[in-house]
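The values are calculated or read from the model by the stated rules, or taken from the named source; none is laboratory data. Not measured: the values here are computed from a predicted model. We place every Cβ from the backbone using ideal geometry, glycine too, and count neighbours over all the protein chains shown.
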There are 2 protein chains.
Amino acid sequence: MKKNLDLLFAHATLITMQGEGTGILEDGALGVCGSRIEVVGPSREVLAAYTADRLIEAEGKALMPGLIDAHIHTGDGLLRGVSQDLDNWMQHGLWPFEQELRKDPDAVRKGSMLNILEALKAGTTTFCDFDTPMTEIVQNHIRLGTRARVAELISELPKENRTALGELYQFDPAEGDRKLRRNLRLCEEWNGAANGRITCMLGPQGADMCSRELLEEVREAAARLDTGIHMHVAQGDRETNQMQLRYGKRTIPFLDEIGYLTPRLMAVHLTEATDEETRYLAGKGAGMVLCSGSIAIIDGIVPPAAAFLQASSRLALGSDQAPGNNCSNMFNEMKFTAILNKCKAGSPAVFPAWRVLRMATIEAARAIGLGQQIGSLEPGKKADLLLIDLTQPGLSPVIQAPVRNIVPNLVYSARGSEVEMVLVDGKVLVEDFRVQGIDEKQVVREAQLAADRVAQRAVQPFAAIPATPLRGMMQRGEL
Amino acid sequence: MKKNLDLLFAHATLITMQGEGTGILEDGALGVCGSRIEVVGPSREVLAAYTADRLIEAEGKALMPGLIDAHIHTGDGLLRGVSQDLDNWMQHGLWPFEQELRKDPDAVRKGSMLNILEALKAGTTTFCDFDTPMTEIVQNHIRLGTRARVAELISELPKENRTALGELYQFDPAEGDRKLRRNLRLCEEWNGAANGRITCMLGPQGADMCSRELLEEVREAAARLDTGIHMHVAQGDRETNQMQLRYGKRTIPFLDEIGYLTPRLMAVHLTEATDEETRYLAGKGAGMVLCSGSIAIIDGIVPPAAAFLQASSRLALGSDQAPGNNCSNMFNEMKFTAILNKCKAGSPAVFPAWRVLRMATIEAARAIGLGQQIGSLEPGKKADLLLIDLTQPGLSPVIQAPVRNIVPNLVYSARGSEVEMVLVDGKVLVEDFRVQGIDEKQVVREAQLAADRVAQRAVQPFAAIPATPLRGMMQRGEL
């Protein structure tokens, strides 16, 4: 007798991400039972052995693992595009908006909801959401059904930080302690929630924003909870200056000294890390999260991912945030990762499409500590899946031999709008290109109302920025 | 009495591209009469003075000029993604496919149709289509309703080009003459067709592929017909080697000598041009077409557009072709142009969003010689328009003050899938995201069938490529 499945996809091109490449299987089938993948194989074999409550004929479509956004601040969702094309986006534009946004937790929540919705529709199923207050933001992931590996931002900077540029930051240990405790509370309350869809990490904001003592407490807590540390590392010259002033060292040697360079660390950005530092960190087993779009737009820099790959494959991709990168779309990140690194190296052969696809799926899963659960199509793994319509004009035609063009087209041409169906934990979240059980228009309307409020309140503090090129851009009718 | 219009958009954010910036007008209205824009202004004023057969309420939407793809080989549409991530995409992968494709004019036509459809849905309204046989391809533009400025590829290389790598190409003057005559016939038969939607240029394929005599004939013909010359210039080191071997000069000094550096010239790529050569060419009034995505993927190079802009604003963008760039989407080109140039300069302030938007609209129109007709929303210009849904999650929320975020979001976040409606020459070609009067699925199906045929025929010649990394990539399961 045939075994019955909840859901069975048949006659798809499976991009399993098994093995060392992309593990493509033509005319494949995949069965889902509960929250997990039950079977993966040739359609003929699977159809001979299984029935299903729902059979999805997937000819002309690709079925692949959900994409992993390994670094995203969804709470910034409302501030998309308000501070662009500047030498110093934070000081010259973003700061007044950010300040007003953060006084309004409802606006943070609404922006986060919009940001997650945007990413989900473009195929992101797992979010390493690094924001605050995460105890509230995480409820958006519960509501939308997405998988999230979340951390609070832990910083020891005083609430009113009045340090002049170039001076050493003052720390407020009470503030640092409060934020660490909030992150620990998040772990207690939410780790393993929603059938394990929600897991928690610790989130020191940067080595320059926490004292050595606080960083050591975080390290001990991570060991005790057996979880990872999500942290910006070497993210800018301001950080490097602070580290030099305080410790006479650069960030990575300092982190090495305090025992941070272990597989628990997810080192985000490495914008200012040298190739040598990066290889050293990689060799110690730490992961790297590369935010190609964000760092290119904000800094005009391509981070040392190529150096990282010389020593490790624990490289994941992240969309960072809406102000700066503007979009949270892992197809966008894959494409930029490939192309920016080709131009950095002056070689079209580096960062091939198949390898970049791994960075958004199986390698990312391993880098964030979920390699056993997600990132590939394998029996026993969670059913986090995308069905992609290969008959959309930008992905057509499909050629299978003598060269298969599907993976290059997914990386270099797909925009995210070809994602027809999304499952997370075995549940259908997107079908026929629409998010299920959520009024998308309502999410957008609520975000717009909250943004109107925040923008209105930002008018005065924005006017107080002494010299922002944005003012001239508005006056000259460029924006 | 109010004047009656065919079509009136009201309460839109108009991105007029008038003036030196983007010329944004909040709560604007635009009226269309026949093929032309009749009125542009504040909604209140326009609604007080006009009625219309059709009134489109466009709150929450942006209305902007159609995008201009200033360099595209639509005939290559079927070969999307077959030759990627290689040091020599043509020799190591594309060549056998290209050869088989070009033996099958029906396949060229079907691929072109797919390529135009893809681009149109993403907001491209004008195509500088540079391909052969253009007398056939141009009929796709007629059928779809797009605006096209077309040229045949003129080359003097023999049909069977057997030159070894590094040797001087042999020319076949009869072949060159045949191709020039074909281009002239195209001009005779098609220039001004379809209410002026189709205009023609001359298309020498490269200074290395035509004799000096043929290039001079082309120059004279262009002057006689008062049209432009669409030409690859300094597109690779093979071209530079040929020019050195034949004339002892690099391409741009040679073109200067034969009188090509004039406003008639649309110089495509300039991949191998020095900054100094590029500024010189710009100073002579020639236009430049920058194919950011294509050249980054194929060569790992960011062409010298920044140097060009020091001397001229006649810079347009092009998507080039499906094998290589993989997609024909001017939103993609705008984004890559901004970001790659920021990374090249190491500065986030260069190539701001508003300027890149100009390169895909008004500056492009001027560079290709249609500045009086298209590229901005102004009374008297052709009604080539896009209506963009700003309530799509990736473009939300919309903020108008103290900083307007619409243009940055169009450049850094839009994917093309937000284009809700497209008009060309006053006619609605896309509505509610769907191409009107064309069965899109049928276009894709026909392209797929033709691609199956071409790929099948390419199996043997592909197997004969002595050493292509693609074979290993297929065998290792990477593709």
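What's the total number of residues in the stretch A:129-150 that are out of contact with any Asp or Glu (no Cβ under 7 Å at 6 or more places or on another chain) and either closer than 16 Å to A:I374 by Cα or not assigned by the TED database to the domain that holds A:V233 (or both)?
Summing the residues that are out of contact with any Asp or Glu (no Cβ under 7 Å at 6 or more places or on another chain) and either closer than 16 Å to A:I374 by Cα or not assigned by the TED database to the domain that holds A:V233 (or both) in the stretch A:129-150 gives 3.
Where in the stretch A:267-372 are there helices (runs of 4 or more DSSP H), lying wholly inside it, with at least 3 residues that are among the charged types (D, E, K, R)?
Working: elements: A:275-283, A:292-299, A:305-309, A:322-325, A:330-345, A:353-359, A:362-367.
Ranges flagged: A:275-283, A:330-345.
Please find, within the stretch B:355-398, the residue that is nearest to the chain's Cα centre (by Cα) out of those that are facing chain A (nearest Cβ under 7 Å) and either modelled with pLDDT under 95 or crowded, with 24+ Cβ neighbours inside 10 Å (or both).
Ranking the candidates gives B:G394 first.
In the stretch B:216-242, which residue that is touching a strand residue (DSSP E or B) at 6+ places or on another chain (Cβ under 6 Å) and farther than 14 Å from B:E152 by Cβ is surrounded by the fewest Cβ atoms within 10 Å (Cβ to Cβ)?
B:E239
How about the stretch A:460-476: which of its residues are surrounded by 14 or more Cβ atoms within 10 Å (Cβ to Cβ) and either within 23 Å of A:G77 (Cβ to Cβ) or at the interface with chain B (Cβ under 8 Å from one of its Cβ atoms) (or both)?
Taking the stretch A:460-476 first, the residues surrounded by 14 or more Cβ atoms within 10 Å (Cβ to Cβ) are A:461-462, A:465, A:468-471, A:473-474.
Result: A:P461, A:F462, A:I465, A:T468, A:P469, A:L470, A:M473, A:M474.
Just to be sure I understand, how many residues within the stretch B:111-147 are of a type outside the set (S, T, Y) and within 14 Å of chain A (Cβ to nearest Cβ)? Please lay out each step first, then the result.
Here is the first cut: in the stretch B:111-147, the ones of a type outside the set (S, T, Y) are B:111, B:113-123, B:127-131, B:133-134, B:136-145, B:147.
Still in the list and also within 14 Å of chain A (Cβ to nearest Cβ): B:111, B:113-123, B:140, B:144.
Going through the stretch B:111-147 one residue at a time, the tally reaches 14.
Would you mind stating whether B:D76 is within 13 Å of another protein chain (Cβ to nearest Cβ), assigned to a helix (DSSP H, G or I) and modelled with pLDDT of 95 or more? Show your work before the answer.
Numbers: within 13 Å of another protein chain (Cβ to nearest Cβ): yes; assigned to a helix (DSSP H, G or I): yes; modelled with pLDDT of 95 or more: yes.
Spelling it out, B:D76 is indeed within 13 Å of another protein chain (Cβ to nearest Cβ), assigned to a helix (DSSP H, G or I) and modelled with pLDDT of 95 or more.
Is it the case that the stretch B:270-278 has a residue that's among the aliphatic types (A, V, I, L, M), closer than 27 Å to A:A349 by Cα and in contact (Cβ under 8 Å) with a residue 12 or more places away in the chain?
Looking only at the stretch B:270-278, we keep the residues that are among the aliphatic types (A, V, I, L, M), and these are B:270, B:273.
Next, from what is left, pick out any that are closer than 27 Å to A:A349 by Cα: B:270, B:273.
Filter again for in contact (Cβ under 8 Å) with a residue 12 or more places away in the chain, leaving B:270, B:273.
There is at least one residue in the stretch B:270-278 that is among the aliphatic types (A, V, I, L, M), closer than 27 Å to A:A349 by Cα and in contact (Cβ under 8 Å) with a residue 12 or more places away in the chain.
Exactly one of (1) touching a residue at least 12 places away in the same chain (Cβ under 8 Å); (2) surrounded by fewer than 18 Cβ atoms within 10 Å (Cβ to Cβ) is unmet by B:M90. Its number?
Every listed condition holds for B:M90 apart from (1).
Could you list, in sequence order, the residues of the stretch B:444-459 that are in contact with a helix residue (DSSP H, G or I) (Cβ under 7 Å, 6 or more places away or on another chain) and either on the phi > 0 side of the Ramachandran plot or more than 7 Å from chain A (Cβ to nearest Cβ) (or both)?
B:E446, B:A450, B:R453, B:V454, B:R457
In this structure, is A:G300 at positive phi, out of contact with any Cys (no Cβ under 6 Å at 6 or more places or on another chain), surrounded by fewer than 24 Cβ atoms within 10 Å (Cβ to Cβ) and within 13 Å of chain B (Cβ to nearest Cβ)? Talk me through it step by step, then tell me what you get.
Values: at positive phi: yes; out of contact with any Cys (no Cβ under 6 Å at 6 or more places or on another chain): no; surrounded by fewer than 24 Cβ atoms within 10 Å (Cβ to Cβ): yes; within 13 Å of chain B (Cβ to nearest Cβ): yes.
It is false that A:G300 is at positive phi, out of contact with any Cys (no Cβ under 6 Å at 6 or more places or on another chain), surrounded by fewer than 24 Cβ atoms within 10 Å (Cβ to Cβ) and within 13 Å of chain B (Cβ to nearest Cβ).
Which residues, taken from the stretch B:286-323, are touching a residue at least 60 places away in the same chain (Cβ under 8 Å) and over 14 Å from the mean Cα position of the chain (by Cα)? If you could, list the steps in order and put the result at the bottom.
At the first step, the residues of the stretch B:286-323 found to be touching a residue at least 60 places away in the same chain (Cβ under 8 Å) are B:287-291, B:297-299, B:316-323.
Answer for the stretch B:286-323, where residues must be touching a residue at least 60 places away in the same chain (Cβ under 8 Å) and over 14 Å from the mean Cα position of the chain (by Cα): B:I297, B:I298, B:D299, B:P323.
Among B:V108, B:V150, which is free of Cβ contacts under 8 Å to residues at least 60 places away in the same chain, of a type in the set (A, V, I, L, M) and within 14 Å of another protein chain (Cβ to nearest Cβ)?
Working: B:V150 fails: within 14 Å of another protein chain (Cβ to nearest Cβ).
The match here is B:V108.
Kindly indicate whether any position in the stretch A:190-211 is over 17 Å from A:E272 (Cα atoms), crowded, with 21+ Cβ neighbours inside 10 Å and over 24 Å from the mean Cα position of the chain (by Cα). Spell out how you get there, then give the answer.
Taking the stretch A:190-211 first, the residues over 17 Å from A:E272 (Cα atoms) are A:190-204, A:210-211.
Of the ones still in play, those that are also crowded, with 21+ Cβ neighbours inside 10 Å are A:197-204, A:210.
Keeping just the survivors that are over 24 Å from the mean Cα position of the chain (by Cα) gives none.
No, the conditions are met nowhere in the stretch A:190-211.
One residue is enough: does the stretch B:50-59 have a residue meeting the conditions part of a loop (DSSP other than H, G, I, E, B), small (G, A, S) and in contact (Cβ under 8 Å) with a residue 12 or more places away in the chain?
First, pick out the residues of the stretch B:50-59 that are part of a loop (DSSP other than H, G, I, E, B): B:58-59.
Filter once more, keeping what is small (G, A, S): B:58.
Those left that are additionally in contact (Cβ under 8 Å) with a residue 12 or more places away in the chain: B:58.
Within the stretch B:50-59, one or more residues are part of a loop (DSSP other than H, G, I, E, B), small (G, A, S) and in contact (Cβ under 8 Å) with a residue 12 or more places away in the chain.
Take the residues in the stretch A:260-291 that are touching a strand residue (DSSP E or B) at 6+ places or on another chain (Cβ under 7 Å) and within 14 Å of another protein chain (Cβ to nearest Cβ), then tell me which one is surrounded by the fewest Cβ atoms within 10 Å (Cβ to Cβ).
A:L290
Scanning for something surrounded by fewer than 17 Cβ atoms within 10 Å (Cβ to Cβ), in the same structural domain as B:E100 (by the TED database) and under 18 Å from B:L255 (Cα atoms), does the stretch B:151-162 turn up at least one residue? So that I can check it myself, show each step before the final result.
Initially, the stretch B:151-162 is screened for residues surrounded by fewer than 17 Cβ atoms within 10 Å (Cβ to Cβ), giving B:158-162.
Filter once more, keeping what is in the same structural domain as B:E100 (by the TED database): B:158-162.
Filter once more, so that each one left must be under 18 Å from B:L255 (Cα atoms): none.
No, the stretch B:151-162 contains no residue that is surrounded by fewer than 17 Cβ atoms within 10 Å (Cβ to Cβ), in the same structural domain as B:E100 (by the TED database) and under 18 Å from B:L255 (Cα atoms).
Tell me whether the stretch B:402-417 contains one or more residues that are surrounded by fewer than 20 Cβ atoms within 10 Å (Cβ to Cβ) and over 20 Å from the mean Cα position of the chain (by Cα). Spell out how you get there, then give the answer.
Taking the stretch B:402-417 as the starting set, the residues that turn out to be surrounded by fewer than 20 Cβ atoms within 10 Å (Cβ to Cβ) are none.
No: the stretch B:402-417 contains no residue that is surrounded by fewer than 20 Cβ atoms within 10 Å (Cβ to Cβ) and over 20 Å from the mean Cα position of the chain (by Cα).
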